[in-house]
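Below is one structure; the comments refer to it alone.
The values are calculated or read from the model by the stated rules, or taken from the named source; none is laboratory data. Remember, it's a predicted structure, so these values are computed and weren't measured experimentally. No Cβ is skipped: glycine too gets one built from the backbone with ideal geometry, and neighbour counts run over all protein chains shown. Please note that ligands, DNA and RNA were not included when accessible areas were found on the heavy atoms of the full protein model with its side chains. Shrake-Rupley method; radii C 1.70, N 1.55, O 1.52, S 1.80 Å.
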Amino acid sequence: NQIPPDNIFKACEIENIPLLSTSQSAASTIELLRIQLSKKLAPRTTMHGVFMDVLGIGVLITGESGLGKSELGLELLTRGHGLVADDAIDFVRIAPEVIEGKSPNILRNLIEVRGLGLLNIKTIFGESSVRRKIRLRLIVQLVRRSLINEYDRLPLEAIYENVLGLQIRKVVIPVSAGRNLAVLVEAAVRNTVLQLRGVDTIKEFMERQSHEIKKNIFKNHKKIKPSN
């Protein structure tokens, strides 16, 4: 509620800069402006796929056209999970370690399935089946079975994909007849939750294997009798 000095008015008129006043305190105004500016100026990108809320984890399902991403999203919906966006997802890095994804307004609550066309998920499954936005924590890439040789069956190190400068955990799932992809995605999410809590199954297995090898070497060493 204070009137700025005349020199500030003149400077704003010369440079054509808006001059605003407020009845709020400086601290609250600065905090609100900081939040709004961080959202408006945050790095952002649009990615193709299906973005789901699976067990509270934001999962981006990607892969080439025709692999059944939307059908997988539809099956996950029937299992009680939520749709964030289909086809195009807007991602924004709202914090140093947080990427948030949501649907463009024109595609909100919609999913496109071959043979069925556009489905309004909110109308079909109800209010609880859709999410406005969620944090991206996992990328699930679907690949054709013929390409599986390009990927390790048992990767010894975690796979990551760079999104807006942040490394996001990634799993690669081959698509073939008879595989229940929804169950595999749920398992991948549960495993991701364990990894975020510091539980590394591959590392535990390698430690077990190393222990067994050392134990067998020790046994074999005891069996060898020294020659005269």
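With R₀ fixed at 45 Å, the C-beta to C-beta distance from PHE205 to GLU127 puts the FRET efficiency at about 0.60. A simple spin-label model places the labels of GLN36 and GLN167 3.8 nm from each other, with each point 7 Å out along Cα-to-Cβ.
Thinking of the range 72-129 as a set of Cα atoms, what percent of all their pairs are more than 14 Å apart? Everything past 14 Å amounts to 58 percent. Dipole of the chain computed with +1 at Lys/Arg Cβ and -1 at Asp/Glu Cβ about the Cα centre; of VAL54, ALA158, SER25, farthest Cα towards the positive end is ALA158.
Is there a pair in LYS39/LYS170; LYS102/LYS203; LYS69/LYS133; LYS170/LYS203 whose C-alpha atoms are over 29 Å apart, and which pairs would that be? LYS102/LYS203, as the Cα separations exceed 29 Å there. In terms of accessible area, using a 1.4 Å probe and ignoring ligands and nucleic acids, THR45, THR192 rank largest first as THR45, THR192.
The range 193-216 and the range 51-78 have Cα centres spaced 30 Å apart. For GLU127, the solvent-accessible surface with a 1.4 Å probe is about 130 Å², rounded to the nearest 10.
Seen against the Cα atoms of the chain and their longest principal axis, helix 6-15 is set at about 70 degrees. A straight chain from ASN16 to VAL113 at 0.36 nm per residue would run longer than the Cα-Cα distance by 29.8 nm.
As an exercise, find the ratio Rg/Rh for the range 1-135 from alpha-carbon atoms, using the Kirkwood inverse-distance average for Rh. Write out the running numbers ahead of the final one.
On the way: Rg = 21.4 Å, Rh = 17.7 Å.
Ratio of gyration radius to Kirkwood radius: 1.21.
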